[in-house]
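Here the structure comes first, spelled out in structure tokens, and everything after it is commentary.
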Amino acid sequence: MAILKIARMGHPVLLRRADPVDDPGAAEVRRLVADMIETMQDAGGIGLAAPQVHVPLRLFVFQVPAGRSSGEPDDQPTSVRVLINPVVEPVGEDVRLRWEGCLSIPGLRGAVARPWRVRYRGVDCDRVPVAAEAAGLHAGVVQHENDHLDGVLYTMRMPDLSLLGFTEEMARFAAPGGQV
Ligand code: NI
């Protein structure tokens with residue numbers, strides 16, 4: 001396993017549409033996923049998409065950590081999950097502002113408007129179908145990572161850029177938790 005270099009905003013790999021994974025069970029895909037999990041954990045992130053490690057393929061890893069989720073039934077802590085060739089769809093009309101950060105935009109956080117609830121599906125490295133309905137942080141991280149596969153960064157979804165700032169600076173003046 002290896003810790004991979006993370007592309008930062010400004011690198012063109014973060015702005016292109018990623019390609020489907022032809023064979024989710026291939027050895028090189030398993031190796032990439034293992035390295036991405038190690039990289040995500042080393043960086044202290046809760047999600048990482050392949051384009052963020054300079055690989056323009058449609059897959060991401062994520063984990064909903066204990067103590068960060070809303071606690072709703074579809075927003076419980078999870079183990080590390082991988083989603084290959086994902087499809088993500090909003091459920092319902094509920095759209096809320098939530099704080100997000102990104103390993104490709106280090107040190108910053110911003111308030112992003114997203115559907116509170118989504119349905120997603122894909123496959124894992126054993127080609128086993130994965131499908132779930134998610135809310136809150138779980139839904140937010142899945143949407144954020146899925147956006148990376150379409151070349152979209154969270155800042156592009158911000159309705160109010162005055163709610164973008166350096167995490168350290170914002171922490172001095174407010175306590176931005178999971179809610180805006
Ligand atoms: Ni990100």
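Just so you know, all these numbers are worked out from the coordinates, no wet-lab data involved. Since the model is a prediction, treat every value here as computed from it, not as a measurement. Cβ sites come from the backbone with ideal geometry, for glycine too, and all protein chains shown count toward neighbours.
Observations on the model:
- Once both labels are positioned 7 Å from their Cα atoms along Cα-to-Cβ, the gap between residue 72 and residue 166 label points is 3.4 nm.
- Close amide H contacts of residue 96 (hydrogens built in the peptide plane, cut-off under 5 Å, sequence separation of 5 or more or a different chain): 114, 116.
- Convex hull per residue volume in Å³, alpha carbons only, for the stretch 95-135: 83
- Across the chain, the mean sequence separation of Cα contacts (distance under 8 Å, 6 or more residues apart), normalised by length, yields a relative contact order of 25 percent.
- When Rg and the Kirkwood radius Rh are both evaluated on Cα atoms of the chain, their ratio Rg/Rh stands at 0.94.
- Percent antiparallel among DSSP beta bridges (both partners in the chain, rounded to 5): 95
- Nonlocal amide H pairs with residue 75, under 5 Å, H built at 1.01 Å: 135
- Extension gain from residue 43 to residue 131, taking 0.36 nm per residue of separation minus the Cα-Cα distance: 29.0 nm
- Remark: the chain carries a charge dipole of roughly 260 debye about the Cα centre, counting +1 on each Lys and Arg Cβ and -1 on each Asp and Glu Cβ.
- With Cα atoms, 0 to 90° folded angle of helix 136-148 axis to the chain main axis: 60
- Helix 27-43 and the long axis of the chain differ in direction by around 20°, with both axes built from C-alpha atoms.
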